1. Can you tell which of D145, D79, D96 is out of contact with any His (no Cβ under 6 Å at 6 or more places or on another chain), modelled with pLDDT of 95 or more and under 30 Å from I277 (Cα atoms)?
2. If we keep just the residues of the stretch 182-207 that are in contact with a Pro (Cβ under 8 Å, 6 or more places away or on another chain) and of a type in the set (S, T, N, Q), which is surrounded by the most Cβ atoms within 10 Å (Cβ to Cβ)?
3. Go over the candidates Y160, Y191 one by one and state the one that is modelled with pLDDT of 90 or more, farther than 18 Å from H60 by Cα and not charged (D, E, K, R).
4. Among the strands (runs of 3 or more DSSP E) confined wholly to the stretch 314-376, which include 3 or more residues that are in contact with a Phe, Trp or Tyr (Cβ under 8 Å, 6 or more places away or on another chain) and of a type in the set (F, W, Y)?
5. If you take the residues in the stretch 328-361 that are surrounded by fewer than 18 Cβ atoms within 10 Å (Cβ to Cβ) and in contact with a Lys or Arg (Cβ under 8 Å, 6 or more places away or on another chain), which one is farthest from H276 (Cα to Cα)?
6. Out of (1) within 19 Å of the chain's Cα centre (by Cα); (2) modelled with pLDDT of 90 or more; (3) within 22 Å of I234 (Cα to Cα), the odd one out for Q316 is which?
7. Scanning the stretch 70-92 for residues that are more than 14 Å from the chain's Cα centre (by Cα) and polar (S, T, N, Q), which turns out nearest to L379 (Cα to Cα)?
8. Check the stretch 393-410 and report whether any residue there is touching a Pro at 6+ places or on another chain (Cβ under 6 Å), surrounded by 18 or more Cβ atoms within 10 Å (Cβ to Cβ) and part of a strand (DSSP E or B).
Amino acid sequence: MRYHNPSLANILIFFFFCFFSFVLISCSDSATEPQPKPAGYQEDIPWPSLADSPWPMYRHDPQNTGRTNYPGPVYGEIDFITDSIGVRSGVAVSEDSTIYFVANFVVADTGITSGLVALKPDGRLKWIFSMDVKDESAHPVIANDGTIYTTNTYGQNYLYAINSDGSLKWKIGDLNLRQTTLNIGKGGTIYVIEDLVNLLAVTPVGEIKWKMSGLDIYGSEVRNTAISPDGNTIYIPGKWGGKSVVAVDLTSQTEKWSFGGPHWGDAPIVVDSQGHIYIINFDEQNNVDLYSLEEDGSIRWKFNLEKNYNGILGYQSIAMDINGNIYTGHDTLFAINYLGNLEWKKGFDGGGYLSSPMAIDIDNYIYFDRITSTQEILLSSIGTTGNEIWQLSFPYFTRTSFSLGISYSQRLLFPTWRSQYFSIIK
């Protein structure tokens with residue numbers, strides 16, 4: 001009698017089963033394995049003192065990146081426009097979608113003619129907090145408890161803390177606040193420039209914590225201070241004819257280093273999540289360069305920017321996308337990667353130049369406005385390769401020098417400079 005021995009067949013079946021299972025598991029793992037991040041990938045910088053909203057302050061964050069984690073508009077169409085508000089600051093958006101900015105005149109039935117304006121998400125007036133506003137004022141900063149900080153740089157000359165219902169929380173007077181620069185530390189301390197030489201630190205309850213004097217510093221409606229990712233260093237624009245940037249240790253209140261000069265651009269100082277600093281500098285030979293600096297002030301790299309008829313003052317923006325690419329320009333828009341190499345550059349059809357700092361959304365779409373050679377304003381959205389997504393035309397008097405802002409529901413906020421127009425784009 002013959003007996004069949006199944007052991008060899010069973011072993012072969014088991015072997016092939018294990019082999020194909022291993023192959024399937026390996027394929028599945030490789031398919032779900034996350035892709036490596038680019039060298040310059042920008043991690044979120046936790047900032048507990050700041051409101052958790054799409055655009056809680058000028059240039060979005062204390063590092064001035066101009067980048068939000070929310071999507072921007074896709075159609076390039078006007079959702080709302082008003083011709084009855086004289087905007088004198090950049091915009092900020094609270095967690096409840098309220099839009100804030102400072103205005104020097106408001107046509108409304110409230111009897112208040114200037115101050116901090118609060119709009120509902122659809123553009124309707126919510127309230128106005130009365131302030132004496134003559135010209136540019138500090139861009140509003142919204143804290144995590146909903147407090148709005150701002151200043152008026154002329155007239156009464158106060159630093160204000162305003163509650164989200166439009167009531168006064170506190171104010172500090174007798175300040176010579178000629179600049180529109182405000183920033184907020186991780187612990188909620190407000191930093192403001194006074195009299196071109198002093199850096200003030202103010203607590204969330206309205207007490208002057210300390211004053212650092214004798215600094216050659218500056219600030220303006222577009223040149224804001226920036227704070228390092230660890231919150232320990234503030235980078236301040238230097239005076240014209242002096243340094244481009246001054247680094248101050250916020251713990252010891254001492255100057256760490258300064259760099260650049262003798263002239264600077266209107267672009268804000270930008271800091272990335274790795275702690276590198278980005279500035280535009282104009283030297284004695286009229287070379288216009290974008291610099292990336294290490295935390296100690298040494299040069300990481302520099303990129304030479306092409307000359308333009310308006311010189312260094314034309315460069316009003318440095319913005320950084322999620323991959324660490326830097327965008328800047330005047331009559332030409334440059335895309336420069338994290339390592340300082342040119343990715344692409346884009347001239348503008350019809351000529352003209354950038355007229356405001358740029359904003360970047362979570363999908364790396366870039367938003368900016370420019371003035372054409374025929375004095376037309378074009379508000380544009382472009383992709384990461386310089387491809388145009390949409391374009392919207394405005395009259396010349398709607399230009400802005402302030403930063404655009406991105407709100408909830410894929411809306412772009414378009415404040416104008418020395419005009420009566422404010423727009424929401426969808």
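The values are calculated or read from the model by the stated rules, or taken from the named source; none is laboratory data. If you're wondering where the values come from, they're calculated on a predicted model, not measured in any experiment. Here Cβ is always computed from backbone atoms with ideal geometry, including for glycine, and neighbour counts include all displayed protein chains.
1. D145
2. N183
3. Only one candidate qualifies: Y160.
4. Strands (runs of 3 or more DSSP E) meeting the threshold: none at all.
5. Ranking the qualifying residues of the stretch 328-361, first place goes to T332.
6. Result: Q316 passes all but (2).
7. My answer is T82.
8. Yes.
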